[in-house]
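Everything on this sheet refers to the single structure shown next.
The values are calculated or read from the model by the stated rules, or taken from the named source; none is laboratory data. Model, not experiment: these values are computed from the prediction. Ideal geometry is used to build each Cβ from the backbone, glycine not excepted, and the neighbour counts take in all protein chains shown. Just the protein is used for accessible areas: all its heavy atoms, side chains included, with ligands, DNA and RNA removed. Shrake-Rupley method; radii C 1.70, N 1.55, O 1.52, S 1.80 Å.
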Amino acid sequence: MAKLSIVVPCYNEEAALPLFYQEVCRVAGEMAPVEFEFLFVDDGSRDGTLPLLRQLAARDARVRFLSFSRNFGKEAGMLAGLQHAKGDFVALMDADLQDPPALLPELYRAVTEEGYDCAATCRTTRQGEPPIRSFFAKLFYKIINRISDADIVDGARDYRLMRRSVVDAILSLGEYNRFSKGIFGWVGFRTKWVPYENVERAAGETKWSFWKLLLYSLEGIVAFSTAPLAIASVLGALLCFGSAVAIVVVVCKTLLFGDPVGGWPSMMCVLLFFSGVQLFCTGILGQYLAKTYLETKRRPVYLVRETG
Ligand code: UDP
Ligand code: MG
């Protein structure tokens with residue numbers, strides 16, 4: 001019988017985990033002949049998540065867990081889960097029931113019967129989200145889809161079920177800076193999109209602040225597009241052209257009308273503007289350099305402290 005691995009990154013999820021486990025077990029029962037494996041990745045939680053996972057693993061032979069030496073972030077958790085999952089099919093899920101396990105049978109059917117390699121989910125609405133967050137999220141998707149060749153779907157969640165071949169493809173991307181939404185889009189394969197209504201978190205609280213999300217989206221752009229570098233060059237070229245025109249104008253004006261002293265404030269404005277542009281472009285360069293630096297160090301993405 002086919003085996004389905006459920007990979008769940010958990011960071012401080014002691015409140016939500018029991019609810020999640022109960023619900024996912026119920027769904028596993030419904031999908032009866034399919035064999036399940038639950039692989040929980042404890043991402044350096046500081047609450048009772050790890051003891052809870054030890055308990056679950058002792059009680060239920062289908063449960064395995066990995067525990068990181070510290071918090072490495074959700075990306076690292078998903079990578080570790082995919083690397084250690086043994087199933088013919090692998091599903092990625094959050095522990096907070098925002099990814100309803102009730103959708104699993106539908107996702108599984110899409111991959112086993114409808115000829116898809118991968119079944120992914122997306123939200124139909126952004127209800128219950130602060131408007132400013134929605135605005136920036138939409139803007140981000142618009143920008144990144146224009147400037148990168150990975151197809152990144154607005155509202156896509158990380159909740160997805162994949163064939164082994166897709167998992168292997170994802171794992172073959174050995175980069176250190178992992179931006180899963182981009183990686184999923186980049187590897188391609190036939191993907192079925194299953195929309196569903198946004199669900200509130202069952203218990204506990206979100207680990208993503210607005211600031212964290214903003215940094216994460218910038219990381220996504222740096223990881224999946226070199227367009228900002230091109231923009232910096234184009235901007236430089238345009239400004240060079242502009243300044244050449246300005247020089248001609250200034251020289252002609254001086255020759256025709258003499259050189260009345262003045263214009264100091266306008267000169268300061270121009271000076272400040274151009275210094276700003278220069279720093280901005282150097283900053284863009286720095287972002288790519290920093291990422292390259294981190295990649296060349298070849299550090300492990302995560303460190304495991306305990307398994308079970
Ligand atoms: N998560 C993680 N490491 C982190 C942050 C989050 O493993 O550093 C897990 C978390 O336990 C949850 C999932 O990633 O299972 C999604 O996190 P969360 O619900 O906080 O994000 P949101 O749904 O609000 O985007
Ligand atoms: Mg959540």
On the protein heavy atoms, probe 1.4 angstrom, tell me the percent of accessible surface of the chain carried by carbon and sulfur. 63
Build a GNM of the chain with springs between Cα atoms under 10 Å: which of ARG190, ARG201, ARG59 gets the top mean-square fluctuation? ARG59
Treating the beta-carbon of each Lys and Arg as +1 and of each Asp and Glu as -1, no other charges, what is the dipole magnitude of the chain about its Cα centre, to the nearest 20 debye? 580
Considering only protein heavy atoms, what is the solvent-accessible area of ARG164 at a probe of 1.4 Å, reported in Å² to the nearest 10? 70
Amide H of GLU14 versus every other amide H placed in the peptide plane: which residues, excluding those fewer than 5 positions away on the same chain, fall under 5 Å? GLY48, THR49
May I ask you to derive the relative contact order of the chain, considering only C-alpha pairs under 8 Å and at least 6 residues apart, and to give it as an integer percent? 22
Could you state the number of Å between the C-alpha centres of segment 90-148 and segment 151-223? 8
If the elastic network links every pair of Cα atoms under 10 Å, which of ILE284, ILE144, ILE247 fluctuates the most in the Gaussian network model of the chain? ILE247
So which lysines pass the test for LYS86, namely a Cα distance under 27 Å, with those fewer than 8 places away in the same chain ruled out? LYS3, LYS74, LYS181, LYS192
Using every pair of alpha-carbon atoms in segment 192-252, split the distances into 10 Å bins beginning at 0 and state the percent of pairs per bin, rounded to integers. 16, 19, 25, 16, 12, 7, 4, 0
Provide the per-residue ³J(HN,Hα) series for segment 195-201, in order, calculated from phi with Karplus coefficients 6.51, -1.76, 1.60 and θ = phi - 60°, each as a whole number of Hz, with x at glycine and proline positions. x, 8, 5, 4, 10, 6, 4
Could you go through segment 151-163 in sequence order and give the Karplus-derived ³J(HN,Hα) for each residue, using 6.51 cos²θ - 1.76 cosθ + 1.60 with θ = phi - 60°, rounded to whole Hz, and x for Gly and Pro? 7, 10, 7, 5, x, 5, 9, 7, 5, 7, 10, 10, 6
Connecting every pair of Cα atoms under 10 Å apart in the chain and solving the GNM, the largest mean-square fluctuation among LEU272, LEU173, LEU294 falls on LEU272
Using modelled amide H (1.01 Å from N, peptide plane; none on Pro or chain starts), what sits under 5 Å from the amide H of ILE6, excluding residues fewer than 5 places away? GLU37, PHE38, LEU39, ALA91
Let me have the relative contact order for segment 1-76, percent, based on Cα pairs under 8 Å that are six or more residues apart. 37
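Hey, what number do you get for the chain at 222 nm if only DSSP H runs of n ≥ 4 count, each worth -39500 (n - 2.57), divided across all residues, to the nearest 500?
On the way: 10 runs with 158 residues, N = 308.
-17000 deg cm²/dmol, from helical runs alone.
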How big is the Cα convex hull of segment 212-308 in projection, averaged over all directions, in nm²? 10.1
With θ set to phi - 60°, apply the Karplus curve 6.51 cos²θ - 1.76 cosθ + 1.60 along segment 3-13 and write out the HN-Hα couplings as whole Hz, x wherever there is a Gly or Pro. 10, 10, 9, 9, 9, 10, x, 10, 10, 6, 10
Quick one: which residues, 5+ away or cross-chain, put their amide H under 5 Å from the amide H of ARG157? H built at 1.01 Å from N. THR121, CYS122, ARG123
Rg/Rg_globular for the chain, with Rg_globular taken as 2.2 N^0.38 Å and Rg from C-alpha atoms: 1.29
What is the spin-label model distance, in nm, from MET267 to LYS3 if the labels are put 7 Å beyond Cα along the C-beta direction? 7.6
